[in-house]
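> Please find one structure pasted underneath; my questions will follow.
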Amino acid sequence: MAWNEPGNGGKDRDPWSNSGKNQAPPDLDKLLRSLMQKISSVLGGGRRPGGDFSLLGLAVVVAVVLVVWAVSGFYTIREAERGVVTRFGKFHEIVEPGLRWKATFIDDVRLVDVESVQSLSASGFMLTQDENVVRVEMDVQYRVADPRQYLFSVTNPVDSLSQATDSALRYVVGHTTMDEVLTRGREKVRQDTWQVLEQITDPYNMGLVVVDVNFLPARPPEEVKDAFDDAISAQEDEERFIREAEAYAREVEPKARGQVKRLEEEALGYKEQAVLRANGEVARFNQLLPEYLAAPELTRKRLYLETMEEIYQKANKVLVDLPEGSNSLVYLPLDKLVGDNSSGKPAAAATSQLSSPSGNYSGDKSASGSVDGVNSAPLRSADRFSSGRY
């Protein structure tokens with residue numbers, strides 16, 4: 001039934017009727033006046049004849065409201081946050097961490113985390129410089145550097161950074177070949193994207209700072225993925241061979257340089273030795289010449305003895321005793337006897353019997369050679385000295 005249709009014998013014609021009696025809506029002023037009277041009675045105040053509340057009651061109400069207003073203004077800022085205070089909607093100041101107070105209904109505080117590092121990603125199929133399609137993904141890590149710019153410079157700084165990242169990535173990939181994007185040029189793509197991203201975002205003053213940019217592995221289209229995998233493997237093998245060759249070169253070159261240096265030092269030493277020896281011979285000859293001119297025969301004999309001494313020091317010495325009328329040859333190897341004495345072994349006379357019907361001695365080749373060396377060479381030297389040709 002509609003609210004104004006007759007009912008109950010025509011008595012209920014509106015929703016405010018009460019048992020058939022029409023009533024007007026309650027008076028708002030009367031309700032407020034009644035509420036104030038109750039509050040005044042609770043606070044101990046009475047009404048004056050003119051209808052005004054007591055000043056004491058009003059003061060108590062105002063004091064309670066002020067206390068509640070003052071207490072509601074305290075707030076705490078955590079260590080990783082900064083508070084951006086706006087007064088009547090306009091920026092006022094940035095407050096540091098700790099217990100702070102604001103004027104409620106006048107100041108408003110918005111907390112901004114300035115230490116946490118957040119990340120966003122950009123990905124998609126992009127066209128490279130050599131007109132190949134490749135799927136690339138990049139992860140950007142950032143944090144808030146300026147809370148004021150972060151809140152008031154742009155409408156949505158995170159979304160703006162995401163769009164700038166996508167734009168920078170597409171620009172860099174569009175100026176890079178596909179092989180570089182997939183293999184050896186990945187680090188360069190990352191650095192260039194970071195640089196272009198900062199150039200794009202700096203004029204907007206978004207209050208964000210890019211901490212790091214990670215270029216995730218790029219993938220070619222599935223239709224040519226196997227061929228690109230083979231190409232990447234070949235390039236990796238090439239890089240490995242180059243590194244091995246460089247390591248071998250670093251190992252061999254120092255040895256070769258050391259050997260060259262050693263040969264140079266030996267050559268210089270031999271040169272100095274030869275020069276000094278020649279100078280010594282010249283000096284010795286210059287000292288010997290006056291003596292020879294003063295006493296030629298004596299000097300010649302002394303040279304002969306010095307020469308024999310030098311030869312005998314280097315030659316094997318053998319003493320031979322041939323008894324008369326005997327074909328047996330007895331000799332003593334003095335060099336071996338002296339060597340045994342120097343090594344601590346007891347000296348023993350070594351004898352050998354050499355016999356020959358014709359009287360020619362035969363036997364140990366070393367013995368016969370030593371005899372020839374002792375008897376023939378000095379005689380030839382003596383002949384030279386005696387004839388004056390030495």
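> Got a sec? Which strands (runs of 3 or more DSSP E) wholly within the stretch 98-148 have at least 3 residues that are under 16 Å from residue 193 (Cα atoms) and hydrophobic (A, V, I, L, M, F, W, C)?
Values: elements: 98-101, 107-113, 118-127, 133-144.
Of the strands (runs of 3 or more DSSP E) lying wholly inside the stretch 98-148, those with at least 3 residues that are under 16 Å from residue 193 (Cα atoms) and hydrophobic (A, V, I, L, M, F, W, C) span 118-127, 133-144.
> Here's something else I'd like to know. Which of the numbered conditions does residue 193 fail, given that it passes all the others? Conditions: (1) assigned to a helix (DSSP H, G or I); (2) touching a residue at least 40 places away in the same chain (Cβ under 8 Å); (3) farther than 20 Å from residue 124 by Cβ; (4) within 23 Å of the chain's Cα centre (by Cα).
Of everything listed in (1) assigned to a helix (DSSP H, G or I); (2) touching a residue at least 40 places away in the same chain (Cβ under 8 Å); (3) farther than 20 Å from residue 124 by Cβ; (4) within 23 Å of the chain's Cα centre (by Cα), residue 193 misses just condition (3).
> Let me ask something else about it. What about residue 189, is it among the β-branched types (Val, Ile, Thr) and more than 30 Å from residue 87 (Cβ to Cβ)?
So residue 189 passes the test.
> Just a yes or no: is a residue in the stretch 198-205 under 28 Å from the mean Cα position of the chain (by Cα) and surrounded by 10 or more Cβ atoms within 10 Å (Cβ to Cβ)? If you could, list the steps in order and put the result at the bottom.
In the first step, residues of the stretch 198-205 are kept if they are under 28 Å from the mean Cα position of the chain (by Cα); the result is 198-199.
Subset that is surrounded by 10 or more Cβ atoms within 10 Å (Cβ to Cβ): 198-199.
So far as the stretch 198-205 goes, yes, one or more of its residues are under 28 Å from the mean Cα position of the chain (by Cα) and surrounded by 10 or more Cβ atoms within 10 Å (Cβ to Cβ).
> What is the residue count in the stretch 149-184 for residues that are part of a helix (DSSP H, G or I), among the hydroxyl-bearing types (Ser, Thr, Tyr) and surrounded by fewer than 16 Cβ atoms within 10 Å (Cβ to Cβ)?
Of the residues in the stretch 149-184, 2 are part of a helix (DSSP H, G or I), among the hydroxyl-bearing types (Ser, Thr, Tyr) and surrounded by fewer than 16 Cβ atoms within 10 Å (Cβ to Cβ).
> Mind listing whichever residues of the stretch 62-79 are surrounded by fewer than 13 Cβ atoms within 10 Å (Cβ to Cβ) and within 26 Å of residue 144 (Cα to Cα)?
Listed by number, the residues that qualify are 74, 76, 78, 79.
Residue-by-condition table, conditions (1) within 26 Å of residue 137 (Cβ to Cβ); (2) touching a residue at least 12 places away in the same chain (Cβ under 8 Å):
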| position | (1), (2) |
| --- | --- |
| 210 | yes, yes |
| 223 | yes, no |
| 226 | yes, no |
| 242 | no, no |
| 246 | no, no |
| 250 | no, no |
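Every read-out reported here was derived from the displayed coordinates using simple, explicitly stated rules and does not represent laboratory data. Values in this document were obtained by computation on a predicted structure and should not be read as measured data. Neighbour counts run over all protein chains shown; Cβ positions are idealised from the backbone, glycine included.
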